[in-house]
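> Structure incoming, see below.
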Ligand code: XMP
């Protein structure tokens, strides 16, 4: 059942995930572990074919260099060292380029098999989920985002009607987003799906709230409240499905990592609602999650959709949210996405969206003065969302989008293009 495994021990490198990805790209499964893993733990995996000691700039912790347990050298498992001076490994492949070093080590030294692929992964996970859950039930908040959609599809395959999906429409979804979740999951995959129309509730709570942080807090906490109310109505549910992915685990799990992000899982559900977690994607990187979604038969648009913030259009309808501006954001966003897809930019640009500020400007329609809102278009490219550059969108494409927004979106008389890189601007406006 288990694939061959190459273990990367984190000895202070910032390149652990890069190497894990490179090995997985060779078709061999790879996982990152902290430097102080014991020989017993490694032995208990039963499938470790090789160990990579991955040293680097963060190797000094509390004034001392980190070291591995000496018993690891006695396991008889092939080892290679990358930038780890204390290494006692014999394998010396330093003269080769990195990809060749890894290939030679993985296939020739460790004799690992290239048996890591999505089909095997899904088969394995299906069995693991069935073993964990038995005949009990799993609850899942299905937002329609990539991770929750792929988890849902995986759980439907494994346990069918024992999965209860809850989709909360908070009124800040993109155009037709909730409809598409219902169509795919209820109509096509026959999921047990509860749809909650909480539009009025959210918009009511957000009325007159202009502060961006306050808006985000209200949306987040209200979401948990709605989900909690639904969970309490349902009986006999022991598990909570989570779209945790591998970067969430390693960012919060390594001991030498400089930037530690807390692992966002249950997200504030009250203590007395005790669930065991089911996290079938926790070994996957984002692109592997997408490949898994494709293998599970989810639509391309759902699996390859661009990042979308949790608070949705709420942070793109700037200041205090009003229904007219929210509609303007939703409609202009739909037009932008349609035209980007027509121009092939949807495959090229990392993230693109529109925002509507909370002020008006003077304009003219049908020979009469109007005082209306503006739509700002933002299209950026980035690798890790920490910095971003602006996409140089073709002028003709921008003209088509502008003309469509001006003629099709109500209450709008002006369209602007945001030229600001990150930093100093952030990707989102709020
Ligand atoms: P900023 O605006 O910080 O955004 O440059 C960086 C990336 O994160 C996305 N983003 C969010 N994603 N929940 C999310 O899941 C959020 O609250 C959130 N806020 C921003 C943003 O769209 C961009 O891709």
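The values are calculated or read from the model by the stated rules, or taken from the named source; none is laboratory data. On a predicted model such as this, the values are computed, not experimentally measured, just so you know. Neighbour counts run over all protein chains shown; Cβ positions are idealised from the backbone, glycine included.
> May I ask you to list pairs of residues, at least six apart or on different chains, whose Cβ atoms are under 6 Å apart, with the first in region 207-225 being closer than 11 Å to residue 311 by Cα and the second being within 14 Å of the ligand (Cβ to nearest atom) and assigned to a helix (DSSP H, G or I)?
215/314; 219/314
> Residues of region 294-306 being more than 18 Å from residue 348 (Cβ to Cβ) and under 13 Å from the mean Cα position of the chain (by Cα), which ones?
Just the residues of region 294-306 that are more than 18 Å from residue 348 (Cβ to Cβ), to begin with: 294-299, 302.
The one that is more than 18 Å from residue 348 (Cβ to Cβ) and under 13 Å from the mean Cα position of the chain (by Cα): 302.
Yes/no matrix, rows are residues, columns are (1) in contact (Cβ under 8 Å) with a residue 40 or more places away in the chain; (2) out of contact with any helix residue (DSSP H, G or I) (no Cβ under 7 Å at 6 or more places or on another chain):
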position	(1), (2)
6	yes, no
13	yes, yes
21	yes, yes
26	yes, no
32	yes, no
36	yes, yes
39	no, no
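> Out of (1) in a loop (DSSP other than H, G, I, E, B); (2) at pLDDT 95 or above; (3) within 19 Å of the chain's Cα centre (by Cα), the odd one out for residue 262 is which?
(2)
> Same structure, new question: Name the strands (runs of 3 or more DSSP E) wholly inside region 156-242 in which the number of residues that are within 16 Å of the ligand (Cβ to nearest atom) and surrounded by fewer than 19 Cβ atoms within 10 Å (Cβ to Cβ) is 2 or more. Please lay out each step first, then the result.
Values: elements: 163-169, 192-197, 237-241.
Qualifying strands (runs of 3 or more DSSP E): none found.
> Right, next: Given the conditions (1) under 25 Å from the mean Cα position of the chain (by Cα); (2) modelled with pLDDT of 95 or more, which single one is not true for residue 394?
(1)
> A further question follows. Only one of 336, 296 is in contact with a helix residue (DSSP H, G or I) (Cβ under 7 Å, 6 or more places away or on another chain), in the same structural domain as residue 146 (by TED's automatic domain parsing), surrounded by 17 or more Cβ atoms within 10 Å (Cβ to Cβ) and modelled with pLDDT of 95 or more. Can you tell me which?
Working: 336 fails: in the same structural domain as residue 146 (by TED's automatic domain parsing).
The unique qualifying residue is 296.
> While we're on this one: Residue 389 fails exactly one of the following numbered conditions: (1) assigned to a helix (DSSP H, G or I); (2) over 19 Å from residue 212 (Cβ atoms). What is the number of that condition?
That leaves (1) as the condition not met.
> Of all residues in region 367-385, how many are within 16 Å of the ligand (Cβ to nearest atom) and in contact (Cβ under 8 Å) with a residue 24 or more places away in the chain? Don't jump to the end; show me each part of the working.
Restricting attention to region 367-385, the residues satisfying the condition of being within 16 Å of the ligand (Cβ to nearest atom) are 376-385.
Then keep just the ones that are in contact (Cβ under 8 Å) with a residue 24 or more places away in the chain; that gives 376-382, 385.
Residues meeting the conditions: 8.
> Being under 24 Å from residue 380 (Cβ atoms), more than 13 Å from the ligand (Cβ to nearest atom) and outside any helix (DSSP H, G or I) is the filter here, so list the residues in region 290-317 that pass it.
Within region 290-317, 304, 317 meet the criteria.
> Can you tell me which residue within region 131-145, out of those that are in contact with a strand residue (DSSP E or B) (Cβ under 9 Å, 6 or more places away or on another chain) and assigned to a helix (DSSP H, G or I), is surrounded by the most Cβ atoms within 10 Å (Cβ to Cβ)?
If we take residues in region 131-145 being in contact with a strand residue (DSSP E or B) (Cβ under 9 Å, 6 or more places away or on another chain) and assigned to a helix (DSSP H, G or I), then 133 is surrounded by the most Cβ atoms within 10 Å (Cβ to Cβ).
> For region 341-366: of the residues being assigned to a helix (DSSP H, G or I) and more than 16 Å from the ligand (Cβ to nearest atom), which is nearest to the chain's Cα centre (by Cα)?
347
> Which members of region 266-289 meet the condition of being within 19 Å of residue 384 (Cβ to Cβ) and more than 14 Å from the chain's Cα centre (by Cα)? Talk me through it step by step, then tell me what you get.
We begin by selecting, within region 266-289, every residue within 19 Å of residue 384 (Cβ to Cβ); these are 284-289.
Result: no residue meets the conditions.
> Now for a different question. How many residues does region 404-430 contain that are surrounded by 12 or more Cβ atoms within 10 Å (Cβ to Cβ) and more than 16 Å from the ligand (Cβ to nearest atom)? Quick ask: steps written out before the conclusion?
Looking only at region 404-430, we keep the residues that are surrounded by 12 or more Cβ atoms within 10 Å (Cβ to Cβ), and these are 404-406, 408-409, 411-418, 420-422, 425, 427-430.
This time we only want the ones that are more than 16 Å from the ligand (Cβ to nearest atom), so: 404-406, 408-409, 411-417.
Matching residues across region 404-430 total 12.
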